[in-house]
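One structure is given here, and the rest of the page talks about it.
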Amino acid sequence: MAWKRWGVRFSHGPPKKMFEQHFKNIDDILRKDAGASSELDYIEQTSWVLFLKYLDDLEKDKETEAKLAGKKYEYIISPKFRWEVWAVPKTGDKKIDHSKALSGDDLKDFVERELFPYFKKFKADAVSPDTIEYKIGEIFSEIKNKIQSGYNLREVLNLVDGMHFRSQSEKHELSHLYEGKIKNMGNAGRNGGEYYTPRPLIKTIVKVVAPKIGDKVYDGAVGSAGFLVEAFEYLKESKKLSTSDMQTLQKKTFYGKEKKSLAYIIGIMNMILHGIEAPNIIHTNTLAENLADIQEKDRYEIVLANPPFGGSERPEVQQNFPIKTGETAFLFLQHFIKMLKAGGKAGVVIKNTFLSNTDNASVSLRKMLLESCNLHTVLDLPGGTFTGAGVKTVILFFEKGAPTKKVWFYQLNLDRNLGKTNALNEADLADFIKLQETNGDSENSWSIDIKDVDQKTFDLSAKNPNKGGEVALRTPKEILKEMEKLDKESAQILKNLL
């Protein structure tokens, strides 16, 4: 049974850190548990519990709406597995009924032997992948309970019971806190940063690409779904939405694919918290798809993505692409170009070395991009934009269907070093947004004609010709000569001092 869109209650203003302490307390409990060892585990375990509480609130909202309409609502979750029965049973005065609330080994056994298998079956029983039932089954097929102590799990359930998804302000607060947990994963080991693209950067990319209601928005490396979430927020504010518009945004606008189980679950949960009840995210290896099999019906008007870079793909995966390369990001770029409809627009993050690498794959890929798309804008980002990433990146903005004649570059030069405590903000990107509208020249921006680019290498290096006062790079011979001169000066100073 697919669910239809329901009405949204609005409260008077957003809450002031309503649930922040709950999240901190949950993390404190998980740190004590032998089964959760990192920030990645904390968000994974918090996610499945939050998801079940969300489902309970959602069903209650639907029951209320049905009653107001004089109809009867049929719950999709059986009584035994509803939140108020197994998780936090209540007494008549709404307090926890400790005589019925499972704890310790009894709770752990119930969750692992009955609850998870029950929800896992939803995937097979769902009428289609775009239903909430399918997402329930998919999530519980990919995740397992790692909380080893049933007593710790009882404490987590009690805390999550105090969180609610009933009003718009409550959802806003929860989505904000969840985003914070995703951001924290950037500090949780070598792979944590791949889950989080700075939100000011995503918002800027969405503004430049400017999707419209009715466009299908796609991210084939969806991660925590930051691009889809921000595109949703952008489109909600783009015009006064009709019921039909909201239905379009809910069901026919946002599409994603994700290879990793944890990222898939986080992405779905993030979209749900932002108000998309049955996200169209598929758990699959995007690069395993053969580009030759992609048809017009598979394509999208908008591509927004930050594909993983630095990885490598097996030879059999590379065979799916016309330009063979082990660099994951370069395979994704080929995929994105193919997935765009004619006239479709894209904003894609990639390593800045893509602009100048001289290997055959890089040269061929730049040539393909310039000939099949209009690469109208390149945003050159400073080091430190991505927490924990040791490489510099650029954003490629392009439209498919006409070759590139001119590329406008903007080099983001900031008067501070970016890092965990000094992150990129929207004000940093305001000048770029303003100048990009007219492709204006400035101290930080310039244009190049493709006819002036080397037609063998298609080198697109972001070399700013307008940076006044910048010292040209010296040759090694000049540097050695300068060092020799300084050594002589130092020796003379020491001689005078003695």
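The values are calculated or read from the model by the stated rules, or taken from the named source; none is laboratory data. Please read these numbers as outputs of a predicted model, since none were measured by experiment. In this analysis, Cβ positions are derived from the backbone assuming ideal geometry, glycine residues included, and neighbour counts consider all displayed protein chains.
Going through the range 339-359 one residue at a time, which ones are over 21 Å from the mean Cα position of the chain (by Cα), at negative phi and part of a strand (DSSP E or B)?
341, 342
What pairs come up if the first residue lies in the range 443-457 and is over 13 Å from residue 377 (Cα atoms), the second is among the small types (Gly, Ala, Ser), and their beta carbons are under 8 Å apart, counting only those six or more places apart or on different chains?
443/468
Among the numbered criteria (1) touching a residue at least 60 places away in the same chain (Cβ under 8 Å); (2) over 21 Å from residue 197 (Cα atoms); (3) among the β-branched types (Val, Ile, Thr); (4) in a loop (DSSP other than H, G, I, E, B), which one does residue 325 miss?
(1)
For the range 66-150, which helices (runs of 4 or more DSSP H) that fit wholly inside it have 2 or more residues that are among the aliphatic types (A, V, I, L, M) and over 23 Å from residue 29 (Cβ atoms)?
Where helices (runs of 4 or more DSSP H) fall fully within the range 66-150 and carry at least 2 residues being among the aliphatic types (A, V, I, L, M) and over 23 Å from residue 29 (Cβ atoms), they are 132-142.
Go through the range 430-442 and give me each residue that's in contact (Cβ under 8 Å) with a residue 60 or more places away in the chain, part of a helix (DSSP H, G or I) and not aromatic (Phe, Trp, Tyr).
433, 436
Give the range 216-275 a look and list any residue that's more than 26 Å from residue 337 (Cα to Cα), part of a loop (DSSP other than H, G, I, E, B) and touching an Asp or Glu at 6+ places or on another chain (Cβ under 8 Å), or say none.
239, 274
For a quick check of your reading of the model, give me the residue pairs whose first member lies in the range 24-43 and is outside any helix (DSSP H, G or I), whose second is modelled with pLDDT of 95 or more and of a type in the set (D, E, K, R), with beta-carbon atoms closer than 7 Å and at least 6 apart or on different chains.
35/146; 36/146
Residue check: is residue 282 more than 24 Å from residue 393 (Cβ to Cβ), in a helix (DSSP H, G or I), in contact (Cβ under 8 Å) with a residue 60 or more places away in the chain and not acidic (Asp, Glu)?
no
Only one of these is out of contact with any strand residue (DSSP E or B) (no Cβ under 8 Å at 6 or more places or on another chain), at pLDDT 90 or above, surrounded by 13 or more Cβ atoms within 10 Å (Cβ to Cβ) and within 30 Å of residue 236 (Cα to Cα): 101, 66, 87, 36. Name it.
Just a single option satisfies the conditions, and that option is 66.
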